[in-house]
Amino acid sequence: LKALATYTAFSVWVPDPEAVWVSAQLVQDYRSGDHHLYAILLFLNKEMEYPVLPPAGLPPLGNPDILEGENDLTALTFLHEPAVLHNLRVRFLDYSSIYTYCGIVLVALNPYEQLPIYGEEVIDAYSGQDMADMEPHIFSVAEEAYRTMIREEKNQSIIISGESGSGKTVSAKFTMRYFAVVGGASQQTSVEEKVLASNPIMEAIGNAKTTRNDNSSRFGKYIEIGFGRRGDIIGANMRTYLLEKSRVVFQAAQERNYHIFYQLCASRDLPELRTLKLDSAENFHYTNQGQDVHISGTDDVVELERTRNAFTILGVQPDQQMEIFRILAAILHLGNINIQASGRGGDRSYIDVNDRSLAIFAKLLGVEGAQMAQWLCHRRLAVGGEMLVKPITGQQANEARDALAKHVYEQLFTWTVQRLNSSLKAQREQPKSFTGVLDIYGFETFDRNSFEQFCINYANEKLQQQFNRHVFQLEQEEYLREELPWNRIEFSDNQPCIVLIEGQLGLLDLLDEECRMPKGSDENWARKLYDQHLNHSPHFRKPRMSNSAFIIVHFADMVQYECDGFLDKNRDTVFEEPINILRASQSELVAELFQKESAGGSLPNSSIANGSVRSGKRAHREHKLTVGFQFRQSLQLLMDTLNSTTPHYVRCIKSNDLKKPFLFDPKRAVQQLRACGVLETIRISAAGYPSRWTYEEFYTRYRVLLHGSLSKDDMRRSCQSALPDLIPDPEQYCFGKTKVFFRAGQVAVLEKLRGDRLHAAGVLIQSWVRGWLQHRHYQRLRWATFILQRYIRGTLARRLAWSLRYTRAALIIQKTYRMLAVRQLYLTIREATIKIQAFIRGTQARRIYRQMLTERAVVFLQARVRGWLARCSFRRVRAAVLLMQCCVRRRAARKELLRLRAEARSVEKYRELNKGMEVKLMQLQLRADQQVKASVFSWDVHNSVIPLLRLTMVLLTECFSVADVRAEGVLSLPPGLAARVLFLCVRQADCSGDQTRVKGLCSATVSAIKTTLKKHGNDLDVTAVWLKNAYLLKDLLHQHSPRQVTHLNDSVRALSDLCIQAYQQLLSISESRLQPIIGNIAGSDPRPTASTEGATMSAVLRELSALHTALSRQDLPSALQEQAFHQLMYLLAASTLNSLLLRKDMCCWNRGLQIRYNVSLLEEWLRSRSLQTGGAVTALEPLIQAAQLLQMSKKTEADGQAMVQACNELSNQQVVKILSLYTPQSDLEERVTLNFIRIVQVRGRSEGQPPQLLMDVRRVFPVTFPYLPPPQASAAQLEIPESLKISFLRRV
């Protein structure tokens, strides 16, 4: 009766073909026995009659307005389908809220729009909050799982399911992001970053565009995120389920292959991807079947960059990434191989050996193209113990090619998942607990359903069973906790449907059995299904018009499956011969993929099958697992994992199929609610006590209905005593320990009673309020009279007060005036007293000051006298010390003198040997003088002078050789003395007319100088001395030769070569000294040795100064010095730049600053010695530009243009190399992106630039010795030191 009484002036829900359910208001109370309900449709304002006939019966009742938009569906009074649908619509369209609780389930509607509800501030708001205190959100479920794991130390699972396009993948990504934030530090560590980086990779290789979703996951995945003892993420592991391999070779209309193929095709123009020989996606058979290669709002080039960055974060090196891209590109080229039919009736097939796609495929995978073409068109069979090769038809060859492509992609997908798991594996410690995130395909039904949909729906049956049992268990635990007398709630258990699929002689068993048959077919399997299950299982049916299909009644809907292709997909057969070819590939990754495959067991001779197939009893056959069996095992492992954890459920719902933002399609919503089990959850809740209130909430809400003595301290007793009067039927409610439970609809009855009671109370309150208002009016008049009297009396009182104030003010003025007069007299006396005191104190202070001056003068005189006495004492002590030092040094000087005399003995011996020759020379000179006086010359004298000059030359070179040993002696000689003396000897011999003697004398001079240079090959000063002498002797001979004779040209050329030799030796000595310390220009030496330890930039400048001093001391021309330092500056710049191009640690901003500073020191040194005009500064320009390159901004395209213009002395390869090696040394710097490097590479490309990377450090610039006519030389002008013992030459 109470239930019937509810249908009085109440809202109800009636079915509608478009909106599914519409709201109507009853216009007439329903009475038992009526066959119609009369109501007004609210949205049309139209009356209607609703027939009350079985099985529909009475229509569902509407909930009170107070519950509209409730964030938890189980809080509704009436729990049924229209109430759930209406509440979801109101929250979605009116409140823009996409999340709603349904007990332990979070229902998420896809808004098809980016919402600002996933930022860091939202994560902070939900972190640490109770689930019941916050609005429904995916972060709330993640927080509940995280806190439960920490608190109970038990593993958790978040099960996300729904149709394709309902937002499962996005929900899983936000869940992982929440764990990465709350389970990490303030900044993401490497583990959290790797966990998030796995998403772009798995989306690229496992997601594709379908007609329902632009980013549909074509595989299931379960990610276990491991947490440490402090609740931080320390690792992760991923398991995948049932990859849709058929999409690799076939796509339906308006669908695409996996994203990674289109990303590679779109990025084919990148330099590193040109070797893949890719083309547009429209030109590949495996990517153009859907006739829609683009996704609106998606840039495949940018997505590939995200994928490559994610690979890099997870530790996959660029060369290994290129191996992956080569395999993917090879799959695309495999699909373009043209297989042609031949033979009679097309029973054979072949591939042209010049097929371009075959050649590219073979090159990318490192296999033989001819062998692959052979075994794609032939098959090896075992007949009678012998192996036969049988050709196959064109269709079979195409199927074998597609099977190979699917198998290669599956192996690469599996390898990638294993590689990600190895990167995400916990390194520091073992996880204490984990939270799993299951992103799995939802229930699917299409116009044509095959093996993939069968496995997907089978998985959803298992998940739905686990969900129903878990919800039922929670409901019963609530009743047990409240100690309610309850009867068992019946719920829809789908165990019979699961037994039909996986039980003994079920669909999967019969499918595996048929796969074992040598001639098994889809038709035979269909007949076995009909014989075994038709009319035996209520969940199995046969279509009327087909003998090759069957129907399964799932928990969500009936689905018809086509048997065609079930056996082939379950066997997943690939021929062995192409696999053996790939196993022998030159590519390490390809060989690794298929070596791992063979490691699990030997392969059959004819085929490789991943199924549970036993082909005969031959010894070379073996038992293999079918796809269905493998999926059943992995699914059972998943269920065991879920059952061992505390599950949390997220059901994703597509709001519409048009992908329009905030558009609600009620038909599609109801269909998905039925499929995902939300309505089953509500039905289980409605079967018990769906409405429950705590005693405090019930007491607060319905206090107006309670009679008798009410005690707030004992609310439970008050509710128990008053509730039987409100609801006479005790079956409609039940009392628990902390809550009172109601059957469906009873809260609406209480709301109606409460409304009636409040209406009656309102009338009573109105009467009391009106009486109170009249009484209030009287009180206001009375108080007004009192106020007037008070104001009049106040005016009189204020007048009296003013007169009293005036009298008091006069007295105060008199008192103040008298006080001022007395105070003025007091201040005058006080000021006079202070002045007297100041004069007295000043006199005393001056007296004290004069006394202090006298004392200071006395002290000053004492200090001067004492200082003079101390200085006298110091001078005496210093004189004694100096005397002692002189004695010690005199003794040391005597020892040094004795040592020098001992060294000079060898020279004295040589001079004694030549003493006779000197006497003879003096006699010859005397004889010549006598003959000159007599004006008689003869050829005998000349013949005697020539040997004398030759001996003089020998003595001179020997003397200089001895002087070379004593460097200070050589350096003390005037520059060019030896050259001038030798020139005088040669000129004297040339005047005698004996050309043979002249040539011999010049040759002996050149040989002697060469011997000296060779002997002192490491001495800068000695080499500079003989460079000056050779250079001056060449100029003297050149000056003498044109006027006198031409037979000295050979000698001039020999001296020119000798000058070049001395110049090169000079540079070689400097280069050998600079080579160990060149690294100082870049700030450090990468090879610290004992010889270079402690070297600084000052060492480089010191060596350069040594060379400059040696050249300047010999008065060499400035042009020659500029050429020498041009060569050395080029060596410094080339060596430093080459080191910069080869070392990654030098390519940073700090090193650029250090190099620029050191180069500026070199420039300043050159300018201080006037050497900047000979090309030395220009030789440093490449190094200066390299240093500027390290310090320039490297972000925008304008920066790239400026960089190309500024670095005109550097080649394009050098600029790109430095940018590639650039390594930030602090957080303020950023790594140079690949896009910026490409901008610089394109803009800096020039046809005129040589393709060089390193500078040639061995490059030698040609040297030019300028001709400077020397002054006329004569023996009288020469300043010959006496120590050389050759002063007799002046007489010759």
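The values are calculated or read from the model by the stated rules, or taken from the named source; none is laboratory data. Computed from a predicted structure; not experimentally measured. Glycine gets a Cβ as well: all are built from the backbone with ideal geometry, and neighbour counts include every protein chain shown. When the accessible area is computed, the model is the full protein with side chains, heavy atoms only, and any ligands, DNA or RNA have been set aside. Shrake-Rupley method; radii C 1.70, N 1.55, O 1.52, S 1.80 Å.
Restricting the search to the range 102-114, which residues are part of a loop (DSSP other than H, G, I, E, B) and at pLDDT below 90?
If the condition is that a residue be part of a loop (DSSP other than H, G, I, E, B) and at pLDDT below 90, then G103, I104, Y112, E113, Q114 are the ones that fit.
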Among what's in the range 973-993 and is assigned to a loop (DSSP other than H, G, I, E, B) and closer than 15 Å to P1271 by Cβ, pick the residue that is least open to solvent (accessible area, probe 1.4 Å). G976
Residue count for the range 528-549, restricted to those that are free of Cβ contacts under 8 Å to residues at least 12 places away in the same chain and among the charged types (D, E, K, R): 2
How many of the residues making up the range 364-398 are open to solvent by less than 30 Å² (accessible area, probe 1.4 Å), part of a loop (DSSP other than H, G, I, E, B) and small (G, A, S)? 1
If we scan the range 1196-1218, do we find a residue that is farther than 23 Å from L1254 by Cβ, small (G, A, S) and under 21 Å from the mean Cα position of the chain (by Cα)? no
Among the residues of the range 994-1011, are any at pLDDT 85 or above, under 60 Å from the mean Cα position of the chain (by Cα), hydrophobic (A, V, I, L, M, F, W, C) and buried (at least 21 other Cβ atoms within 10 Å of the Cβ)? no
Given the criterion out of contact with any helix residue (DSSP H, G or I) (no Cβ under 8 Å at 6 or more places or on another chain) and closer than 26 Å to D512 by Cα, identify the matching residue among Q411, Q453. Q453
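Go through V1159, V1177 for me and flag whichever is within 28 Å of P1266 (Cβ to Cβ), in contact with a helix residue (DSSP H, G or I) (Cβ under 7 Å, 6 or more places away or on another chain) and in a helix (DSSP H, G or I).
Answer to the check: V1177.
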Given the conditions (1) open to solvent by 10 Å² or more (accessible area, probe 1.4 Å); (2) assigned to a loop (DSSP other than H, G, I, E, B); (3) over 23 Å from V249 (Cα atoms), every one holds for G442 apart from (1)
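Would you check if Q1064 is more than 13 Å from S1007 (Cα to Cα), at pLDDT 85 or above, in a helix (DSSP H, G or I) and open to solvent by 20 Å² or more (accessible area, probe 1.4 Å)?
When the stated conditions are applied, Q1064 passes them.
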Condition check: open to solvent by less than 10 Å² (accessible area, probe 1.4 Å) and among the hydrophobic types (A, V, I, L, M, F, W, C). Does V181 satisfy that? no
Working carefully through the options R798, R808, R780, R776, find the one that is open to solvent by 100 Å² or more (accessible area, probe 1.4 Å), closer than 30 Å to V704 by Cβ and either free of Cβ contacts under 8 Å to residues at least 12 places away in the same chain or within 60 Å of the chain's Cα centre (by Cα) (or both). R776
Quick check: is even one residue across the range 71-94 in contact (Cβ under 8 Å) with a residue 40 or more places away in the chain, over 20 Å from I682 (Cα atoms), open to solvent by 20 Å² or more (accessible area, probe 1.4 Å) and outside any helix (DSSP H, G or I)? no
Of (1) in contact with a Phe, Trp or Tyr (Cβ under 9 Å, 6 or more places away or on another chain); (2) open to solvent by less than 40 Å² (accessible area, probe 1.4 Å); (3) at pLDDT below 80, P59 satisfies all except one. Which? (3)
What residue, among those in the range 437-456 that are within 27 Å of Q156 (Cβ to Cβ) and modelled with pLDDT under 90, is nearest to the chain's Cα centre (by Cα)? D439
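Tell me, which residue of the range 514-545 that is charged (D, E, K, R) and within 19 Å of Y458 (Cα to Cα) is most open to solvent (accessible area, probe 1.4 Å)? Break it down stepwise before answering.
From the range 514-545, those charged (D, E, K, R) are 514, 516, 519, 522-523, 527-528, 531, 541-542, 544; that's our starting set.
Next cut, within 19 Å of Y458 (Cα to Cα) only: 541-542.
Numbers: R541: 108, K542: 67 Å².
Only one residue tops the list, namely R541.
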Just the residues that are closer than 17 Å to K1144 by Cα and open to solvent by 60 Å² or more (accessible area, probe 1.4 Å), please, taken from the range 1192-1217. Q1213, K1217
Expected single match for open to solvent by less than 20 Å² (accessible area, probe 1.4 Å), modelled with pLDDT under 85 and under 22 Å from L1268 (Cα atoms) among L1027, L1037 is L1037
So which of Q672, Q586 is modelled with pLDDT of 70 or more and open to solvent by 70 Å² or more (accessible area, probe 1.4 Å)? Q586
So which residues in the range 248-290 are closer than 12 Å to K209 by Cβ and surrounded by fewer than 18 Cβ atoms within 10 Å (Cβ to Cβ)? A252, A253, Q254
Could you please give the count of residues in the range 720-742 that are in contact with a strand residue (DSSP E or B) (Cβ under 9 Å, 6 or more places away or on another chain) and part of a loop (DSSP other than H, G, I, E, B)? 3
Just checking, does the range 399-417 include any residue being among the charged types (D, E, K, R), open to solvent by 20 Å² or more (accessible area, probe 1.4 Å) and outside any helix (DSSP H, G or I)? no
When you check Q466 against the structure, is it touching a strand residue (DSSP E or B) at 6+ places or on another chain (Cβ under 9 Å), surrounded by fewer than 21 Cβ atoms within 10 Å (Cβ to Cβ) and polar (S, T, N, Q), yes or no? yes
Restricting to the range 1135-1145, and then to whatever is under 19 Å from A1099 (Cβ atoms) and not β-branched (V, I, T), can you tell me which residue is modelled with the lowest pLDDT? S1139
Here are some residues: I313, I337, I327. Which one is in contact (Cβ under 8 Å) with a residue 40 or more places away in the chain, farther than 22 Å from Q396 by Cβ and in contact with a Leu (Cβ under 6 Å, 6 or more places away or on another chain)? I327
Go through the range 1124-1156 and count every residue that is outside any helix (DSSP H, G or I) and farther than 19 Å from I1218 by Cα. 0
Tell me whether the range 343-350 contains one or more residues that are buried (at least 17 other Cβ atoms within 10 Å of the Cβ) and either β-branched (V, I, T) or over 30 Å from G369 (Cα atoms) (or both). no
Got a sec? Which of I792, I787 is open to solvent by 100 Å² or more (accessible area, probe 1.4 Å) and among the β-branched types (V, I, T)? I792
